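Here's the structure we're looking at; comments come further down.
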Amino acid sequence: MHGVTVKIDPMRMKRRLDALAEFGRDPQGGWTRYSFTPEYIQAQNLVKEWLEEAGMKVRLDPVGNLVGRLEGIDGTLPAVAMGSHIDTVKNGGKFDGNLGVVAAVEVVQTIVENHIAHRHPIEVIVFVEEEGARFGSVMLGSRAMLGLVTLEDLHKHHDEAGITLYQALRSMGLSPEKIPASVVPPGYYKAFFEMHIEQGAILDSMNIPVGIVEGIAAPVWLAIRITGRADHAGTTPMNLRRDALSAAAEIVLAVEKIARETDKSTVATVGRLQVKPGGINIVPGEVKMTVDIRDIDVQRRQTVVKKIEDAVKVVCQRREISYEINEIVRIEPVMLPAKMRQLIASAAEEVNVPYCKIISGASHDAQIMAQITPVGMIFAPSKGGLSHCPQEYTELEDIAVCTRVLLSSVLKII
Ligand code: HGY
Ligand code: MN
Ligand code: MN
Ligand code: MN
């Protein structure tokens, strides 16, 4: 019953969220804190201080995950872990990922401050490059921890400046060659919890402070390159053009139409579109665009992927334009174990707060960790459902309630 009597410190959590927000503030709005950038390292060092303040031993694994460990009575037992990420999307918000890390530290620090005995070791993990915003390699840290990332991947993924993941890791003094040896063995973890903002409008619209995640949808990311022909905008008749941007425009609308026509849980987004050469008086010769396709159901998602690929082919063939489609991400959706959902539900009842079951449209490291250990995920409401934008906001009262549920859940199994 510790979970109810033991008090977390919401003001400490607020101070820490505000302190993290000092790193990566973007003049264009919100936060842009990409993995392995100076602002990321400053934020990571701050979290390292907190982990040590909470009594944890801290290590950086070969791919750059920051891991705090608090020994239990029996160090041979599997660890109970919590975690999330502190990298952001471009012009993102201050709660996505950061909240889960601050909450995990708060839970451990509360356990230590209240001298609560625990048999299992406890770990807090700050996964690197969860967003894939810089290198296109979503959930790099958790996938590397499970041995799902190869050296070839590290050489393949690069940022807009052409720096590869491998080069970035080396420049951080990390040892990519040691990633295979650092893979977490089966049975190393007893369970993994991630607290995260919902990033959608369900909890806020129902004014329910706690979401218990049943399943996590997952993305396929396509990188499409359309190659037409750059031409003079004044002298090239319309019927002779190979206008890559007009083709891309048809494809953007086809992506939206295909997703709209399928079940409402399938979503597809063209988030990035780059036009070359980009002159006012030049018919666009090349377009690079991305498509993010998601669903909780793999079949439904694959049907949409296939329809989109077919649409690209039809548009480009009709316009006599060449194209190339590369699949750069494919993560599997996951349903979370009922016993973890029930554990969190009983914790929420102990804390005496309303909760509801929810499916996550966003992807999370939790869905990777679910491949090696039972996972539980707790959502806090996002005001107005806004996320991946500067306006992202979660009320401190909701943060406190969710953290108490996280604490109460963890206390049940350590
Ligand atoms: O893209 C996502 O769903 C998450 O924010 N990484
Ligand atoms: Mn995100
Ligand atoms: Mn996130
Ligand atoms: Mn509220």
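The values are calculated or read from the model by the stated rules, or taken from the named source; none is laboratory data. Predicted, not measured: the structure shown is a model, and the values here were computed from it. Because the Cβ atoms are built from the backbone with ideal geometry, glycine has one as well, and the counts that use them run over all protein chains shown. For the accessible areas, the whole protein counts, side chains as well, though only heavy atoms, and no ligand, DNA or RNA atoms are used. Shrake-Rupley method; radii C 1.70, N 1.55, O 1.52, S 1.80 Å.
For segment 212-252, a residue qualifies if it is of a type in the set (Asp, Glu) and either surrounded by 21 or more Cβ atoms within 10 Å (Cβ to Cβ) or modelled with pLDDT under 95 (or both), and exactly one does: ASP243. In the condition set (1) away from ligand 4 (no atom under 16 Å from the Cβ); (2) hydroxyl-bearing (Ser, Thr, Tyr); (3) in contact with a strand residue (DSSP E or B) (Cβ under 6 Å, 6 or more places away or on another chain), SER408 is compliant with all but (3). Looking at LEU154, is it open to solvent by less than 10 Å² (accessible area, probe 1.4 Å), outside any loop (DSSP other than H, G, I, E, B) and either farther than 30 Å from GLU327 by Cα or free of Cβ contacts under 8 Å to residues at least 60 places away in the same chain (or both)? In short, yes. Each residue in segment 359-373 was checked for being more than 8 Å from ligand 1 (Cβ to nearest atom) and in a loop (DSSP other than H, G, I, E, B), and 4 of them qualify. Scanning segment 353-375 for residues being away from ligand 4 (no atom under 16 Å from the Cβ) and either under 13 Å from ILE212 (Cα atoms) or not hydroxyl-bearing (Ser, Thr, Tyr) (or both) gives a total of 16. Does GLY215 count as more than 27 Å from LEU17 (Cβ to Cβ) and assigned to a strand (DSSP E or B)? Yes; evaluated as a whole, the condition is true for this residue.
One residue is enough: does segment 130-139 have a residue meeting the conditions among the β-branched types (Val, Ile, Thr), crowded, with 22+ Cβ neighbours inside 10 Å and within 16 Å of ligand 1 (Cβ to nearest atom)? Among the residues of segment 130-139, at least one is among the β-branched types (Val, Ile, Thr), crowded, with 22+ Cβ neighbours inside 10 Å and within 16 Å of ligand 1 (Cβ to nearest atom), which makes the answer yes. Among all residues of segment 343-354, there is at least one that is in a loop (DSSP other than H, G, I, E, B), in contact (Cβ under 8 Å) with a residue 40 or more places away in the chain and surrounded by 16 or more Cβ atoms within 10 Å (Cβ to Cβ). A single member of LYS264, LYS288 is under 22 Å from ASP159 (Cβ atoms) and not in a helix (DSSP H, G or I), and it is LYS288. Filtered by the rule that a residue be open to solvent by less than 40 Å² (accessible area, probe 1.4 Å) and aliphatic (A, V, I, L, M), segment 59-76 gives VAL63, LEU66, VAL67, LEU70.
Against the list (1) within 16 Å of ligand 1 (Cβ to nearest atom); (2) in contact with a strand residue (DSSP E or B) (Cβ under 7 Å, 6 or more places away or on another chain); (3) open to solvent by less than 20 Å² (accessible area, probe 1.4 Å), the condition VAL108 fails is (1).
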